[in-house]
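Since the structure comes first, as structure tokens, the remarks are kept for the end.
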Amino acid sequence: MDQPDRVVAHLMIRVSGVSELETDVKRPPEDQRVEVFCNHVAAAALIPRDVLLAQPRVTALGPRSTRWSDAEISDLAHQFGVSRESVLRRLLTFDRTTEEFYRQKRAQYIAEFVASQKRKKEKAAATEMKRNMPQETVSNFGKPLVNMLLDNYHQDRVTLSEISGYLGLKVKHFPKLEEVAGFRDRQWLR
């Protein structure tokens, strides 16, 4: 397969979502067989046997090697535009590493993926700005309207539910809304 064909095959396979890293999802045996077949076909299209085995680092390490460095595996993965696990699996297919080495590296990659997801979640939680709904409401509607509505509520002219509907604000936010709008501060003026 020449370079343009490899690129097209690569894009088609990526778009179809043939395989994704799912570490905790159990699939029925028939789905697993289909997944294994699809992964094998994708690997053959993206990492051709002859091209892989002609790589200087592949020939230098020889058969059944367990001396593959993370950098070497990453370089090959980058060169072929695939995951590190795909390269390692292909090396195993052609007897260029051992099953045990493959399993160790796969466990490492899964642990790295899980840790990366955890860091992303923590970073998102740390940088996420919490919304201040009472302040947004006062900003959107203005203090005079909010205070007029609150005043009508306290005079039993409208229900809290009605004001909540007008302002699009949950009832639980009303104590803070009164504070932000300065409604409680106004009470002594009456």
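The values are calculated or read from the model by the stated rules, or taken from the named source; none is laboratory data. Note that the structure is a prediction, hence the values are computed from the model and not measured. Glycine gets a Cβ as well: all are built from the backbone with ideal geometry, and neighbour counts include every protein chain shown.
Observations
- All positions within segment 35-85 that are polar (S, T, N, Q), surrounded by fewer than 14 Cβ atoms within 10 Å (Cβ to Cβ) and either closer than 20 Å to Arg103 by Cβ or in contact with a Leu (Cβ under 9 Å, 6 or more places away or on another chain) (or both): Thr59, Thr66, Ser69, Ser74
- Filtering segment 91-117 to residues that are acidic (Asp, Glu) and either more than 26 Å from the chain's Cα centre (by Cα) or surrounded by 13 or more Cβ atoms within 10 Å (Cβ to Cβ) (or both) leaves Asp95, Glu99, Glu100.
- Taken together, the criteria exclude Lys120 from residues that are loosely packed, with under 10 Cβ neighbours inside 10 Å and without any contact (Cβ under 8 Å) to a residue 12 or more places away in the chain.
- Filter pass, Ser74 being out of contact with any His (no Cβ under 7 Å at 6 or more places or on another chain) and modelled with pLDDT of 95 or more: yes
- The listed residue being closer than 30 Å to Pro63 by Cα, surrounded by 11 or more Cβ atoms within 10 Å (Cβ to Cβ), in contact with a helix residue (DSSP H, G or I) (Cβ under 7 Å, 6 or more places away or on another chain) and aliphatic (A, V, I, L, M), out of Leu88, Leu177, Leu169: Leu88
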